[in-house]
Amino acid sequence: MLLEQEKIKALGLEAYFVKGELIPSIIVEDGTGEVLMLAYMNLESLTKTLETGYTWFYSRSRQGLWNKGETSGHLQKVIGITGDCDCDTLLIRVEQTGPACHTGSHSCFFNKIV
């Protein structure tokens, strides 16, 4: 990623935040297509993601930004970002280092219901 501010502005990212300040972001492992997690982004965290090339999210419980893997070392290097047809959800393909889930599981989706 590592986009400059001018290029980020030209992308018109504000369109994704018309319906609200936070949008769901589905994180998928690039090599396998496995869904790793879902987190929320605001415009600032999306901008930081584009600037740094690593995922940044907005924590609703802590009311602030967090860089995935900053303390654990389980970073997510961004390979690509796609917006959905309604401009209210992102699909982010990453190279995951270590587990994505805070429980130590590779994916946050391991509680089988059916």
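What does the charge count near residue 41 come to, summing +1 for each Lys or Arg and -1 for each Asp or Glu among other residues with Cβ under 14 Å from its Cβ? Once positives and negatives cancel, what remains is -2. Summing Cβ point charges (Lys, Arg +1; Asp, Glu -1) relative to the Cα centre of the stretch 7-56 gives a dipole of roughly 220 debye. Relative to the dominant Cα principal axis of the chain, helix 43-52 is inclined by about 80°. For the chain, the Cα-based Rg and Dmax, in that order, read 13.8, 47 Å. Here the scattering of the stretch 1-49 is modelled by Debye summation over its C-alpha atoms, one equal scatterer each and no solvent; at q = 0.15, 0.33 Å⁻¹ the log10 of I(q)/I(0) is -0.49, -1.15. Pairs of lysine residues in the chain that meet both criteria, 8 or more places apart or on different chains and Cα atoms under 25 Å apart, total 14. Of 55, 97, 32, the order by accessible heavy-atom surface (1.4 Å probe, DNA, RNA and ligands excluded), from most exposed downward, is 32, 97, 55. Neighbours of residue 8 by Cβ distance under 12 Å: Lys/Arg scored +1, Asp/Glu scored -1, total -2. For the chain, the per residue solvent-accessible surface stands at 60 Å², with DNA, RNA and ligands left out and a 1.4 Å probe. Determine the share of the chain's accessible area contributed by carbon and sulfur atoms, expressed in whole percent, with a 1.4 angstrom probe. Here it works out to 54 percent. Between beta-carbons, use under 13 Å as the cut-off and find the net charge around residue 21, counting Lys and Arg +1, Asp and Glu -1. Here the charged neighbours net out to -1.
The values are calculated or read from the model by the stated rules, or taken from the named source; none is laboratory data. Just so it is clear, the structure is predicted and the values come from calculations on it, not from any experiment. Cβ atoms come from the backbone with ideal geometry, glycine included; neighbour counts cover every protein chain shown. Keep in mind that these areas ignore ligands, DNA and RNA; they rest on the heavy atoms of the full protein, side chains included. Shrake-Rupley method; radii C 1.70, N 1.55, O 1.52, S 1.80 Å.
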